[in-house]
Amino acid sequence: MRLVRVMKVFVTRRIPPEGSAALARAADCEVVQWDSDEPIPSEDLERGVAGAHGLLCLLSDRVDKKLLDAAGANLKVISTLSVGVDHLALDEIKKRGIRVGYTPDVLTDATAELAISLLLTTCRRLPEAMEEVKNGGWTSWKPMWMCGYGLTESTVGIIGLGRIGQAIARRLKPFGVRRFLYTGRQPRPQEAAEFQAEFVPTLQLAAESDFVVVACSLTPATRGLCNKDFYQRMKKTAMFINISRGEVVNQDDLYQALTSGQIAAAGLDVTTPEPLPTNHPLLTLKNCVILPHIGSATHRTRNTMSLLAANNLLAGLRGEPMPSEFKL
């Protein structure tokens, strides 16, 4: 009779049912889960991961040297329920020979849909309009009242023409966008051909775009990329949309740009920190729409993400190819 080696797996949060079910079926794993929808405190995370062979975490869990030391030498696989990996100390993880799984592709469509929703909500001033209905500000039809900006014949600049950036452009094209610009680490002529998108320097994109959509990864090169200089180059009628990571944006500079009329409006699905404090100055502005990082928040997408994260973890623990491994 063959003995099954039981490996400890620590899961840092309640996850959608398809992923939970896959882990529950794994006879070779003992699954320990932080049984809450809220983030696990760092002390509990360190205790929970001690001796674990596998860790399934979220983008809100900081996996740094201290946590890796607490985990110990057994830890062989980290699977994150996200496409972003900026919460992982990748150099330290690589040094220890730990494999990393992540969830690209499966959230592309949902995030692109949310980006379009946020862009339209912002440019057509929907939160303001809804509030006017509720507070009695809607008195009659007025020619100049609640006017926003439309996409027809516009120029859209996309920072980061990766999977999500392309999916956003693909959805915007039928709105009658006249011109697409993009910027990134290097030109992507094959991907850009579908939209006849032009590769331009970042500040040229800022200056010529009616709508700027940030869809890049957070890297040392993109951290703080959208700052005072960037906003000063933008048109006074331009919209700024961020669905990537909050740290790509200098929020103090964005606040000044919005209050001074340097740009028309902004829509953010990501902020620094998350959650954004309820007394944050950006929340006082009518021309700033802020969402609670819900880019991938559809039932289907989150279930698919959780199943992929579970399968990445189990494959890594068993020494098999992961469905989606982040190559270190």
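The values are calculated or read from the model by the stated rules, or taken from the named source; none is laboratory data. Predicted model, so just to flag it, every value in this text is computed and none were measured. Positions of Cβ are backbone-derived with ideal geometry, glycine not excepted, and every protein chain shown enters the neighbour counts. Keep in mind that these areas ignore ligands, DNA and RNA; they rest on the heavy atoms of the full protein, side chains included. Shrake-Rupley method; radii C 1.70, N 1.55, O 1.52, S 1.80 Å.
Some observations on this one:
- In this simple spin-label approximation, residue 142 and residue 25 carry label points 7 Å from Cα along the Cα→Cβ vector, and these lie 6.0 nm apart.
- Region 76-146 and region 164-187 have Cα centres separated by 17 Å.
- Sorting 293, 299, 87, 53 by solvent-accessible area of protein heavy atoms yields 299, 293, 53, 87, largest first, with a 1.4 Å probe.
- Accessible-area ranking of 109, 210, 91, largest first, probe 1.4 Å: 91, 109, 210
- Dipole magnitude of the chain about its Cα centre (Cβ charges: Lys, Arg +1; Asp, Glu -1), debye to nearest 20: 540
- For residue 145, the accessible surface of its heavy atoms amounts to roughly 80 Å² (probe 1.4 Å, protein chains only, rounded to the nearest 10).
- Relative to the longest principal axis of the Cα atoms of the chain, the long axis of helix 163-172 lies at roughly 30 degrees.
- Cα centroid of region 290-323 to Cα centroid of region 201-257, whole Å: 29
- Largest accessible area first, the residues 92, 198, 46 order themselves as 198, 46, 92 under a 1.4 Å probe with ligands, DNA and RNA left out.
- In a fully extended conformation the segment linking residue 120 and residue 14 would gain 34.9 nm over its present Cα-Cα distance, using 0.36 nm per residue.
- The chain, accessible surface, carbon-and-sulfur percent (1.4 angstrom probe): 53
- Spacing of the modelled spin labels on residue 90 and residue 237, each 7 Å from Cα toward Cβ, amounts to 4.0 nm.
- Subtracting the Cα-Cα distance of residue 65 and residue 128 from 0.36 nm times their residue separation leaves 18.1 nm of extension gain.
- For the cross-link pairs 65/94; 235/286; 173/286, the ones whose C-alpha atoms lie over 23 Å apart are 173/286.
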